[in-house]
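Peer 1: Quick one: structure below, then a few questions.
The values are calculated or read from the model by the stated rules, or taken from the named source; none is laboratory data. The model shown is predicted, which means the values in this text are computed figures rather than measured ones. In this analysis, Cβ positions are derived from the backbone assuming ideal geometry, glycine residues included, and neighbour counts consider all displayed protein chains. Calculation scope for accessible area: heavy atoms of the full protein, side chains included, ligands and nucleic acids excluded. Shrake-Rupley method; radii C 1.70, N 1.55, O 1.52, S 1.80 Å.
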Amino acid sequence: MKREKFGSRIGFILISAGCAIGLGNVWRFPYITGQYGGAAFVLIYLLCLVLLGLPIMIMEFSVGRGAGCSIAKAFDRLEPLGTKWHWYKWFGIAGNYLLMMFYTTIGGWLLIYLFKMASGSFEGLDAAQIEGEFGELMGQPVLMTVCMAIVVVLCFGIVNLGLQKGVEGITKIMMVMLLVLLIVLAIRSIMLPGAAAGLEFYLLPDFNKMKEAGILEVVSAAMNQSFFTLSLGIGAMAIFGSYIDKKRRLAGEAVAITILDTSVALISGLIIFPASFAFGVNPDSGPNLIFITLPNIFNSMTGGRLWGAIFFLCMFFASASTIIAVFENIIAFAMDLTGCSRGKAVAINLVAILILSMPCVLGYNVLSGFAPFGEGTAILDLEDFIVSNNLLPLGSLIYVLFCTTRYGWGWDNFLAEANTGEGPKFPKGVRLYVTFIVPLIVIFLFIQGYWSKFAG
């Protein structure tokens, strides 16, 4: 069977960026920026993105294009004879399934809040009542299941249409709409009375604030965010690398995707910080930011119902673009591994994801007694921890070692693949840095993740 290709370069860039652009850009980035000193944190984050995220993304693309398939067969085709790098594929695909086990549930929440905001359900409610709305939703497993199922069926339906007609065609539209709507929201937020204080906090570096939070902790948080925002380490980017032809060098493609992903995160900050400072609200973490804090802000704004609906539409597009991209990886894995048709792979995995998503849905009601990390935590927190603190960093370490050591694919093979085509080259001079420093950073992030979770 002839392997599908993207219809255009912009399609590849938007889809790959769509995989990277998710809730972490609009949800996690503003929160940790606020926690770790504002503009000073942003500068360190951008530096870490270039030094850490970019090289690993190029390596993952190279493995995908070099093998011409998903991680189901990529390491088998590229590894030296007799080595066991291909064992990693089971951990990589497990990361994709685990990510979807909770991402689909959050996608369902966003769908609910989009309709709530558009219908005016929050109008006239005070802060306590809005907080109660989210708590009430967590106690409705049937509603959460239905909305989760809608998201799963919708996104698998798009994947079933094929790479060009479905994934590329729909994702391009969603990504363009997402960018336009975010810019509109940012302009509205900046124009709010009192927004200047938020802009100052977000755009003018104050390194004294960074010292207050702890320099090492700030740098660690910046590395962590730059690492996880690009969805690296579980083969989610390798699959799109396998769809790229040989006309373009991979460094230029990775830079374009990183810029697009980072732009969404930065624009999100321009929405949340001016609005939060304008209404005297501190951006909160976790579900509170999206489902409690921001509805309160929109309630206080003139035309807040409209602006709130646009915001939750943006959030739904951000989550759906990631879900579609990861679903495509799951389907490609199934097709490459078994040789089955796209339709059969979609049908089987649709049922599997619906079943696997249920523990997350039930973790806030029927199974709420299970608190894996203590009071206030749920099954979603456990699933997120396994992916974010384990599979992503360890998977990225595998890619780095595979591409740089003679025991794997090797530096020369990686460099030849990355630099095939037109565009900027991956520089040879960074070999020592990529081979030795990047793995140490990844190991540091892995250890730091456990330290902050259990000893911090």
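Peer 1: Can you say whether residue 115 is free of Cβ contacts under 8 Å to residues at least 24 places away in the same chain, hydrophobic (A, V, I, L, M, F, W, C) and open to solvent by 10 Å² or more (accessible area, probe 1.4 Å), as far as the supplied structure shows?
Peer 2: yes
Peer 1: Can you pull out the helices (runs of 4 or more DSSP H) entirely within region 28-135 that have at least 1 residues that are polar (S, T, N, Q) and closer than 30 Å to residue 274 by Cβ?
Peer 2: Here the list reads 29-35, 88-119.
Peer 1: For residue 302, are the conditions met, namely being within 30 Å of residue 195 (Cβ to Cβ) and open to solvent by 10 Å² or more (accessible area, probe 1.4 Å)?
Peer 2: yes
Peer 1: Just to be sure, is residue 351 surrounded by fewer than 16 Cβ atoms within 10 Å (Cβ to Cβ), part of a loop (DSSP other than H, G, I, E, B) and among the β-branched types (Val, Ile, Thr)?
Peer 2: No.
Peer 1: Could you give every pair whose Cβ atoms fall below 9 Å, whose first residue belongs to region 61-88 and is under 17 Å from residue 410 (Cβ atoms) and of a type in the set (S, T, N, Q), and whose second residue is open to solvent by 10 Å² or more (accessible area, probe 1.4 Å) and in a loop (DSSP other than H, G, I, E, B), counting only separations of at least 6 or pairs across chains?
Peer 2: Close Cβ pairs (under 9 Å, with a partner that is open to solvent by 10 Å² or more (accessible area, probe 1.4 Å) and in a loop (DSSP other than H, G, I, E, B)) amount to 62/409; 62/426; 83/407.
Peer 1: Here are some residues: 78, 51. Which one is modelled with pLDDT of 95 or more, closer than 21 Å to residue 439 by Cβ and open to solvent by 10 Å² or more (accessible area, probe 1.4 Å)?
Peer 2: 78
Peer 1: Is it the case, given these coordinates, that residue 330 is over 18 Å from residue 24 (Cβ atoms) and open to solvent by less than 10 Å² (accessible area, probe 1.4 Å)?
Peer 2: yes
Peer 1: If the requirement is being open to solvent by less than 70 Å² (accessible area, probe 1.4 Å), out of contact with any strand residue (DSSP E or B) (no Cβ under 9 Å at 6 or more places or on another chain) and of a type in the set (A, V, I, L, M), which of these qualifies: 154, 143, 216, 203?
Peer 2: Sole residue among the options that is open to solvent by less than 70 Å² (accessible area, probe 1.4 Å), out of contact with any strand residue (DSSP E or B) (no Cβ under 9 Å at 6 or more places or on another chain) and of a type in the set (A, V, I, L, M): 143.
Peer 1: Also, quick follow-up: Taking the residues in region 367-397 that are part of a helix (DSSP H, G or I) and small (Gly, Ala, Ser) as candidates, determine which candidate is surrounded by the fewest Cβ atoms within 10 Å (Cβ to Cβ).
Peer 2: Going through the qualifying residues, I end up with 388.
Peer 1: Quick check on region 220-236. Is at least one of its residues surrounded by fewer than 17 Cβ atoms within 10 Å (Cβ to Cβ), touching a residue at least 40 places away in the same chain (Cβ under 8 Å) and assigned to a helix (DSSP H, G or I)?
Peer 2: no
Peer 1: Scan region 122-138 residue by residue and report those that are farther than 20 Å from residue 360 by Cβ and either over 29 Å from the mean Cα position of the chain (by Cα) or open to solvent by 60 Å² or more (accessible area, probe 1.4 Å) (or both).
Peer 2: Within region 122-138, 123, 124, 125, 126, 127, 128, 129, 131 meet the criteria.
Peer 1: Considering each of 313, 306, 289 in turn, give the residue that is more than 30 Å from residue 59 (Cα to Cα) and either more than 22 Å from the chain's Cα centre (by Cα) or of a type in the set (Gly, Ala, Ser) (or both).
Peer 2: Criteria check complete, one pass: 306.
Peer 1: If you don't mind, another one. Which of (1) under 21 Å from the mean Cα position of the chain (by Cα); (2) without any contact (Cβ under 8 Å) to a residue 40 or more places away in the chain; (3) farther than 28 Å from residue 9 by Cα is the odd one out, the single condition residue 187 does not satisfy?
Peer 2: (1)
Peer 1: Taking region 1-18 on its own, how many of its residues are of a type in the set (Val, Ile, Thr) and surrounded by fewer than 24 Cβ atoms within 10 Å (Cβ to Cβ)?
Peer 2: Matching residues across region 1-18 total 2.
Peer 1: So which of 88, 97, 45 is aromatic (Phe, Trp, Tyr) and open to solvent by 30 Å² or more (accessible area, probe 1.4 Å)?
Peer 2: 97
Peer 1: Which pairs turn up if I take residues in region 21-41 that are on the phi > 0 side of the Ramachandran plot and look for partners that are open to solvent by 10 Å² or more (accessible area, probe 1.4 Å) and outside any helix (DSSP H, G or I) with beta carbon separation below 9 Å, at least 6 apart in sequence or on another chain?
Peer 2: Sorted first by the residue in region 21-41, then by its partner, the pairs are 37/205; 37/206; 38/204; 38/205; 38/206.
Residue-by-condition table, conditions (1) touching a residue at least 24 places away in the same chain (Cβ under 8 Å); (2) in contact with a Leu (Cβ under 8 Å, 6 or more places away or on another chain); (3) crowded, with 19+ Cβ neighbours inside 10 Å:
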{"position": "403", "(1), (2), (3)": "yes, no, yes"}
{"position": "409", "(1), (2), (3)": "yes, yes, yes"}
{"position": "425", "(1), (2), (3)": "yes, no, no"}
{"position": "447", "(1), (2), (3)": "no, no, no"}
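Peer 1: From the list 58, 21, 32, pick out the single residue that is over 20 Å from residue 434 (Cα atoms), surrounded by 23 or more Cβ atoms within 10 Å (Cβ to Cβ) and within 22 Å of the chain's Cα centre (by Cα).
Peer 2: Result: 21 is the single residue among 58, 21, 32 that is over 20 Å from residue 434 (Cα atoms), surrounded by 23 or more Cβ atoms within 10 Å (Cβ to Cβ) and within 22 Å of the chain's Cα centre (by Cα).
Peer 1: Which condition number does residue 189 fail, the rest of (1) open to solvent by 10 Å² or more (accessible area, probe 1.4 Å); (2) at pLDDT 90 or above being met?
Peer 2: (1)
Peer 1: Are there any pairs, at least 6 apart or on different chains, whose C-beta atoms fall under 7 Å, with the first in region 243-270 and closer than 14 Å to residue 21 by Cβ and open to solvent by less than 40 Å² (accessible area, probe 1.4 Å) and the second at pLDDT 90 or above and of a type in the set (Val, Ile, Thr), and if so, which?
Peer 2: 267/183
Peer 1: Residues that are in contact (Cβ under 8 Å) with a residue 60 or more places away in the chain and either basic (Lys, Arg) or under 22 Å from residue 67 (Cα atoms) (or both): does region 354-374 have at least one?
Peer 2: There is no residue in region 354-374 that is in contact (Cβ under 8 Å) with a residue 60 or more places away in the chain and either basic (Lys, Arg) or under 22 Å from residue 67 (Cα atoms) (or both).
Peer 1: I need every pair where a residue in region 277-290 that is among the acidic types (Asp, Glu) has its Cβ under 9 Å from the Cβ of a residue that is modelled with pLDDT under 80 and open to solvent by 50 Å² or more (accessible area, probe 1.4 Å), sequence separation at least 6 or different chains.
Peer 2: Here the result reads 284/31, each pair linking region 277-290 to a residue that is modelled with pLDDT under 80 and open to solvent by 50 Å² or more (accessible area, probe 1.4 Å).
Peer 1: Kindly list the number of the only condition in (1) aliphatic (A, V, I, L, M); (2) in a helix (DSSP H, G or I); (3) at pLDDT below 85 that fails for residue 271.
Peer 2: Just one mismatch for residue 271, condition (3).
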